[in-house]
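Asks: One structure, as structure tokens, below. Some questions next.
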Amino acid sequence: MSITLDILHKASYHIIAGGKYPAISGERLLRRLYQMGCFDVRSNGSHFRVQCGTCQGTVPKYREPLSKKLMASIEKDFEACLGPDWLANLKKR
């Protein structure tokens, strides 16, 4: 693999706890959650409180990619309802 491809690959994906997750914006993540059957409970400015089944979490509607720590927190909030590694599987859709 060339050096250029390595750099592009690292820029496009965050590595969290041994898994690779897409560098996804809050807007795109919200759209994907809505497609999975989630809905807004309320919103305050650029932050949306989203519910999936019995799970709830706050997702910021940022245009830039979300940080690794924030993505890990959001994944944990919805893991019980959407299954393990649901965030890693977004890049496959």
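What follows draws every value from the coordinates through simple rules; no lab data is involved. Nothing here was measured: the structure is a model prediction, and the numbers come from that model. For neighbour counting, all protein chains shown are included, and Cβ atoms are generated from backbone atoms with ideal geometry for every residue, glycine included.
Asks: Within 10 Å, count the other beta carbons around each residue, average over each peptide in 70-82, 53-65, and list them highest first.
Replies: Ranked from most to least packed, the peptides come out as 70-82, 53-65.
Asks: Calculate, in nm to one decimal, what residue 67 and residue 28 gain on full extension: separation in residues at 0.36 nm each, minus their alpha carbon distance. Write down the numbers at each step before the final one.
Replies: On the way: separation 39, 0.36 × 39 = 14.04 nm, distance 1.40 nm.
Length difference between fully extended and current span is 12.6 nm.
Asks: Evaluate E = 1/(1 + (r/R0)^6) for residue 85 and residue 43, where r is the Cβ-Cβ distance and R0 equals 30 Å; express this FRET efficiency to the nearest 0.05.
Replies: With a Förster radius of 30 Å, E is 0.65.
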